[in-house]
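The structure under discussion appears below in the form of structure tokens.
Read the figures in this text as sums done on the coordinates, not as results from a lab. Quick caveat, the model's predicted, so the values are computed rather than measured. Cβ placement follows ideal geometry from the backbone for every residue including glycine, while neighbour counts extend to all protein chains displayed.
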Amino acid sequence: MTFRTCFTRWPERLPAGRGAPARAMLDVVYQYRLEPARVADAALLAGMSQELVESGLRPAWDAARIAWHIRHPDSVVLAARAGTAIVGFAIMRYADDTAHLNLLAVAPGHRRRGIARRLVAWLEDTALTAGTFTIALELRAGNAGARAFYAALGYRELARVPGYYQGRECAIRMVRDVARQPRGDAAPPPAP
């Protein structure tokens, strides 16, 4: 199994009075690892889901459901770690022709550092390797930030699903063909 280490960007210039020790400290603080979640992580991931994804709804993703996905051979639960702390995660379930991104969350203090983008890229690469080319997801219709994030990655809106979230809130269904559409963050192909 391959683990990825991710580094975030930090300012080229540090404030006056900060030298090499501060720069070294930033390297440690902002180093992230992507790795499969463990069953022991399920309760923490459920809490993150309730706080960051399911806020205002009855929790649907409890520890038992997440642990099931961790154990299931057709699912991947991927954790982003900063040291020993989990700061983000994603859950994807794979089928023969399609995959479904069930959950994606990053702790507020670690957002806008490329963690979510890297989680999605890892899961998309896994889908391609498995021969699964279409990835679908749903998100809360009112989550403009998530809509923009997925659109920037090449996902397109398929439908609005009334009452998807416990009969109370609409969802936007989005899809991406990972075999045909390059990721929005991918470098353009070289000129011939």
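The table for this structure:
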read-out: Residues with amide H under 5 Å from that of Ala37, placed H, sequence gap 5 or more; value: Val77, Leu78, Ala79
read-out: Karplus (6.51, -1.76, 1.60) ³J(HN,Hα), θ = phi - 60°, over the range 102-109, in Hz, Gly and Pro reported as x; value: 7, 9, 8, 8, 9, 4, x, x
read-out: Built amide H within the under 5 Å cut-off of Asp62, gap 5+; value: none
read-out: Packing-based ranking, highest mean first, of 162-174, 34-46 given that Cβ atoms within 10 Å are counted; value: 34-46, 162-174
read-out: Total formal charge among the other residues, if their Cβ is under 15 angstrom from that of Thr132, Lys/Arg +1 and Asp/Glu -1; value: -3
read-out: For Asn102, distant residues with modelled amide H under 5 Å away; value: Ile91, Met92, Arg93
read-out: The range 52-134: radius of gyration and largest Cα-Cα distance (Dmax), Å; value: 13.2, 37
read-out: Rough spin-label spacing in nm, given labels placed 7 Å along Cα→Cβ, for Ala152 and Glu35; value: 2.8
read-out: Table column - 3J(HN,Hα) (Hz), the range 62-68, Karplus curve with 6.51, -1.76, 1.60, x for Gly and Pro; value: 8, 4, 5, 5, 5, 4, 4
read-out: From phi via Karplus (6.51, -1.76, 1.60), per-residue ³J(HN,Hα) for the range 38-46 in Hz, x at Gly/Pro; value: 9, 4, 4, 8, 4, 5, 5, 5, 4
